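Down below is the structure, laid out as structure tokens.
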Amino acid sequence: MSAYRFDRLKILVVDDNVHMRKLVVTILQAFGVIQIFEAESGERAWAILRESNPDVVVLDWMMEGLSGLDLVQMIRTDSQTPNPFVPVIMLTGHTHIDRVRQARDAGINEFIAKPVSVKVMMSRLMSVIENPRPFVRTKSYFGPCRRRRGSPEYRGPERRTEKTILAAE
Amino acid sequence: MSRQQPIELFMPPNMLKAKVGGSFVGLDMAAINRAEAAMEELKNEFASWAQDDVRRLVAARDAFAAEPGSATRAGLLRAAHDMKGQAATFNYPLIARVAGSLSRLIHDLPETTELSLGLVDAHVNAIHVIYRDKVMDMSNKVALALSNELEARVAEVLGS
């Protein structure tokens, strides 16, 4: 048993509010993350993504210009994306179910509802490390599987007619 | 009920796990304690951060009052929404609540319906007063009554 080497991670923090960025960066630094990139806009984040190819993106939803949702869609589907599988953790004040669904449909991996708490931040980070979701490609969507963890206990209706599981590992 | 389009489901290599190494032993409490201590230190700065956010909201309100339109309305929504998310973190839960009410008003009101500057101002002024009086808990009866009233007015406007 050993602790994670968070110092090996590169994390991009995207928020147009300088205070919220500082808060998130402070938490990540205390976790031991050293390489943290900051972007104050979706446009700047896209440039940093392409230059630095971070391991995780922590992203605000509502920003002027390119929003958090727009950026996630670019990360997942743009031909210039450096890594369509990069885990995206979305910070948001939106907690209404429709908004959660909207973000999920854009391809985010995890949510953090504001106010930001240290334990939730750690738990979401651990979640993308320990429990990555499979990816799904359909005509209209590419991103993490939107069914929570593909749970084997799922007892709801099976809506998919064709399922192909490709082991990429 | 079946979905008609074929899907491809696959598991990408877990590069993140390979990079950080180690194994899952529960939440890393040492790291959590370090981060909570770092947040405590930051709390000294929260007062000036909250002040910046109040100024930003007032500026967005002024821009909307000077030139009502979709761009200034969107700017006001962003400022209110940010404040809703941040005020609770900065120990101003009642500001978060009033900012949430303002966000709901702007967001849920159809774009074609005029946004009442009077109701916007009532929210902005309430936030200003709560911040000025440093109301940082939920037990202030006047501030609570004000929040309730604003939420009721928004519900009335939205017909909900």
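Tell me, yes or no, whether the stretch A:68-83 has at least one residue that is within 11 Å of chain B (Cβ to nearest Cβ) and surrounded by 18 or more Cβ atoms within 10 Å (Cβ to Cβ).
No: the stretch A:68-83 contains no residue that is within 11 Å of chain B (Cβ to nearest Cβ) and surrounded by 18 or more Cβ atoms within 10 Å (Cβ to Cβ).
Do we find a residue being without any contact (Cβ under 8 Å) to a residue 12 or more places away in the chain, within 22 Å of B:LEU77 (Cβ to Cβ) and not β-branched (Val, Ile, Thr) anywhere in the stretch A:62-79?
Checked the stretch A:62-79: no residue is without any contact (Cβ under 8 Å) to a residue 12 or more places away in the chain, within 22 Å of B:LEU77 (Cβ to Cβ) and not β-branched (Val, Ile, Thr).
Could you grab me the full set of residues in the stretch B:55-92 that are surrounded by fewer than 17 Cβ atoms within 10 Å (Cβ to Cβ), part of a helix (DSSP H, G or I) and either β-branched (Val, Ile, Thr) or in contact (Cβ under 8 Å) with a residue 40 or more places away in the chain (or both)?
Within the stretch B:55-92, B:VAL58, B:ALA65, B:SER70 meet the criteria.
Could you check B:GLY118 against (1) out of contact with any helix residue (DSSP H, G or I) (no Cβ under 6 Å at 6 or more places or on another chain); (2) modelled with pLDDT under 95 and say which number it fails?
Single failed check for B:GLY118: (2).
Going through the stretch B:21-44 one residue at a time, which ones are part of a helix (DSSP H, G or I) and either farther than 21 Å from A:VAL120 by Cβ or in contact (Cβ under 8 Å) with a residue 60 or more places away in the chain (or both)?
Matches in the stretch B:21-44: B:ASN44 only.
Mind checking which residues of the stretch A:83-125 are under 26 Å from A:GLY32 (Cα atoms), assigned to a helix (DSSP H, G or I) and of a type in the set (A, V, I, L, M, F, W, C)?
Within the stretch A:83-125, A:VAL118, A:VAL120, A:MET121, A:MET122, A:LEU125 meet the criteria.
State all residues of the stretch A:86-108 that are under 21 Å from A:SER123 (Cβ atoms), within 12 Å of another protein chain (Cβ to nearest Cβ) and not aliphatic (A, V, I, L, M); if no residue qualifies, say none.
The answer is A:PRO87, A:THR92, A:GLY93, A:HIS94, A:THR95, A:ARG99.
Of the conditions (1) more than 15 Å from the chain's Cα centre (by Cα); (2) within 11 Å of chain B (Cβ to nearest Cβ), A:GLN35 satisfies every one except a single condition; which number is it?
(2)
If I ask for residues that are of a type outside the set (Gly, Ala, Ser) and part of a strand (DSSP E or B), which ones from the stretch A:6-56 would you list?
Selection gives A:LYS10, A:ILE11, A:LEU12, A:VAL13, A:VAL14, A:GLN35, A:ILE36, A:PHE37, A:GLU38, A:VAL56.
The values are calculated or read from the model by the stated rules, or taken from the named source; none is laboratory data. What you are looking at is a predicted structure, and each value in this text was computed from that prediction instead of being measured. For neighbour counting, all protein chains shown are included, and Cβ atoms are generated from backbone atoms with ideal geometry for every residue, glycine included.
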